[in-house]
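Notes for the one structure printed next.
The values are calculated or read from the model by the stated rules, or taken from the named source; none is laboratory data. Worth saying up front: this structure is predicted, and the values here are computed from it rather than measured. Heads up, the Cβs are rebuilt from the backbone with ideal geometry, glycines too, and the neighbour counts pull from every protein chain shown. Note: accessible area is taken over every heavy atom of the protein model, side chains too, but ligands, DNA and RNA are not part of it. Shrake-Rupley method; radii C 1.70, N 1.55, O 1.52, S 1.80 Å.
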Amino acid sequence: MRTLYVITHPEATHHVEGVVGGWHDSQLTPAGVRAARSIAQALRAQVPDDAEVELFSSDLQRTLRTAEEVAQLFGVKPTLDRRLREKSYGEAGGRPQEWLDQRFVPPPAVGERMEHDEGVEGAETKAACAQRIYAAMDEILRSPCEHQVIVTHGGSLTFVVASWIRMPIGSAGYASFRAPSGSVTTLREDDFFHNRQVAGLGDTRHLDSTEAG
């Protein structure tokens, strides 16, 4: 039985500052660090002590800091992969959210959604974001390790899950797997049928009520 534990990093400075995340390299807040420790402890309680564990993380500071808490409890070193980053919002990254909201062009209800231009200079299309995350997932899943932890971002989670269930990229234009910050999504593949299950989406039971979602 292969199990993937996909973490969306907890509260970061761009959340509390009201600025756009994306590739803006924000850091965890003190509350985010506490949440990262809770995440690591929750995973440690789920994974057998003698199990081999692999840890993969986006290379941005907020995900790396989260991965470091997991690494410490499991005694592993995180493999950093920039392909697991959040979607780039181009020149909007680090600017006030209102700046992006005034310029953002939403995708059409019908028609081309993956290659849609959102109206912000330098922003990735959904297609470009999906392609790199799918490629990262293909590489991660080539390993036979049965317990893998992936630390990524809320927006990226959709394409992690879509890749896991083998949804064609061209069909992912309407997909949305939403989960709170600091959550754990559990993905499982059985050894007999090799069916891939979304066993739990966006679990935050490990977080204290005082920590941001």
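Candidates are the residues of the stretch 30-52 that are open to solvent by 10 Å² or more (accessible area, probe 1.4 Å) and part of a loop (DSSP other than H, G, I, E, B); the one that is nearest to GLY90 (Cα to Cα) is GLU52. Answer yes if at least one residue in the stretch 118-137 is free of Cβ contacts under 8 Å to residues at least 40 places away in the same chain, out of contact with any helix residue (DSSP H, G or I) (no Cβ under 8 Å at 6 or more places or on another chain) and either closer than 21 Å to LEU55 by Cα or open to solvent by 50 Å² or more (accessible area, probe 1.4 Å) (or both), and no otherwise. No, that holds for no residue. Only residues that are surrounded by 12 or more Cβ atoms within 10 Å (Cβ to Cβ), over 23 Å from ARG65 (Cα atoms) and either in contact (Cβ under 8 Å) with a residue 40 or more places away in the chain or of a type in the set (Gly, Ala, Ser) (or both): list them for the stretch 176-198, please. Of everything in the stretch 176-198, those that are surrounded by 12 or more Cβ atoms within 10 Å (Cβ to Cβ), over 23 Å from ARG65 (Cα atoms) and either in contact (Cβ under 8 Å) with a residue 40 or more places away in the chain or of a type in the set (Gly, Ala, Ser) (or both) turn out to be ARG188, GLU189.
Those residues that are part of a helix (DSSP H, G or I) and either in contact with a Gly (Cβ under 8 Å, 6 or more places away or on another chain) or without any contact (Cβ under 8 Å) to a residue 24 or more places away in the chain (or both), I need them from the stretch 69-82; list them, please. Don't jump to the end; show me each part of the working.
First pass over the stretch 69-82, keeping only residues part of a helix (DSSP H, G or I): 69-74, 82.
Of everything in the stretch 69-82, just one residue is part of a helix (DSSP H, G or I) and either in contact with a Gly (Cβ under 8 Å, 6 or more places away or on another chain) or without any contact (Cβ under 8 Å) to a residue 24 or more places away in the chain (or both), namely ALA71.
When restricted to residues that are in contact with a helix residue (DSSP H, G or I) (Cβ under 7 Å, 6 or more places away or on another chain), open to solvent by 30 Å² or more (accessible area, probe 1.4 Å) and not in a loop (DSSP other than H, G, I, E, B), the stretch 83-117 contains 3. Here is the figure for the stretch 53-64: residues that are open to solvent by 30 Å² or more (accessible area, probe 1.4 Å) and over 18 Å from ARG2 (Cβ atoms) total 3. The single condition among (1) open to solvent by 30 Å² or more (accessible area, probe 1.4 Å); (2) without any contact (Cβ under 8 Å) to a residue 60 or more places away in the chain; (3) over 11 Å from ILE7 (Cα atoms) that LEU201 does not satisfy is (3). The set of residues in the stretch 142-171 being farther than 25 Å from ALA12 by Cβ and either among the acidic types (Asp, Glu) or touching a residue at least 12 places away in the same chain (Cβ under 8 Å) (or both) consists of SER143, CYS145, GLU146, HIS147, ILE165, ARG166, ILE169, GLY170.
Sub-9 Å Cβ pairs linking a first residue in the stretch 83-98 that is within 22 Å of TYR134 (Cβ to Cβ) and of a type in the set (A, V, I, L, M, F, W, C) to a second residue that is modelled with pLDDT under 95 and open to solvent by less than 30 Å² (accessible area, probe 1.4 Å), at least 6 apart or interchain, number zero. Note on the stretch 143-160: residues that are more than 22 Å from ALA123 (Cβ to Cβ) and under 16 Å from the mean Cα position of the chain (by Cα) amount to 4. Examine the stretch 166-174 for a residue that is in a loop (DSSP other than H, G, I, E, B), open to solvent by 50 Å² or more (accessible area, probe 1.4 Å) and of a type outside the set (Gly, Ala, Ser), and state whether such a residue exists. For the stretch 166-174, residues in a loop (DSSP other than H, G, I, E, B), open to solvent by 50 Å² or more (accessible area, probe 1.4 Å) and of a type outside the set (Gly, Ala, Ser): present.
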